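Notes follow once the structure below has been shown.
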Amino acid sequence: MVSVGTIAFLAQELMFFAGLFAMYFVSRANGLTAGDWGNQTAHLNVAFGGIITVVLLTSSVTSQLGVFAAERGDVFGLRKWFGVTIALGFVFLVLVGIEWTEMIHAGVTIQSSVYGSMIYIITGFHMAHVTAGILAFIVVMMRVSKSKFTPAQATAAMATSYYWHFVDVIWVGVFITLYLVQ
């Protein structure tokens with residue numbers, strides 16, 4: 001069972017991202033009034049954002065498969081599925097980096113507009129959380145490889161997976177907000 005601390009941590013992370021979404025929607029309301037918001041949103045590639053989303057959601061499945069393996073005491077399965085999750089996390093980061101590069105070439109930067117600032121702040125913080133998740137998976141895998149597998153390590157795998165699922169759900173919100181609602 002995952003601790004109350006894990007739940008409290010995820011709750012405060014939810015509040016952090018709720019603040020970012022609120023900042024986006026307030027800026028969007030002001031940007032639509034100013035008339036420049038629509039020109040900036042045209043530079044987002046919705047299909048590419050969909051691919052990014054599929055990669056991250058797939059990593060959530062592999063993360064859960066790792067937890068199922070941990071619950072069975074299958075260390076090999078845990079390492080295999082968490083390794084795939086880490087790889088998919090890196091692919092996600094690279095794909096978002098490609099999206100950033102395309103937007104920068106299109107003239108959408110932090111300095112160019114409020115919209116540019118919102119895009120890079122929200123996706124940047126999300127990328128930081130994905131990076132933290134990748135590091136957490138690496139720590140779990142290091143712990144598993146250095147000692148006999150214990151129920152505490154299964155709990156750590158579960159808590160890490162909960163964090164990863166949380167990060168994935170936040171990305172779904174980011175995708176809907178940035179790519180679909182615009």
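Restricting attention to the stretch 96-126, the residues that are over 15 Å from Trp37 (Cα atoms), open to solvent by 30 Å² or more (accessible area, probe 1.4 Å) and of a type outside the set (D, E, K, R) total 7. Going residue by residue through the stretch 27-46, is there one that turns out to be closer than 18 Å to Asp168 by Cβ and within 21 Å of the chain's Cα centre (by Cα)? The answer is no, given that none of the residues of the stretch 27-46 is closer than 18 Å to Asp168 by Cβ and within 21 Å of the chain's Cα centre (by Cα).
The values are calculated or read from the model by the stated rules, or taken from the named source; none is laboratory data. Model, not experiment: these values are computed from the prediction. Note that we place each Cβ from the backbone using ideal geometry, even for glycine, and neighbour counts take in every protein chain shown. The protein model used for the area step is the full one, side chains on, heavy atoms only, and it has no ligands, DNA or RNA in it. Shrake-Rupley method; radii C 1.70, N 1.55, O 1.52, S 1.80 Å.
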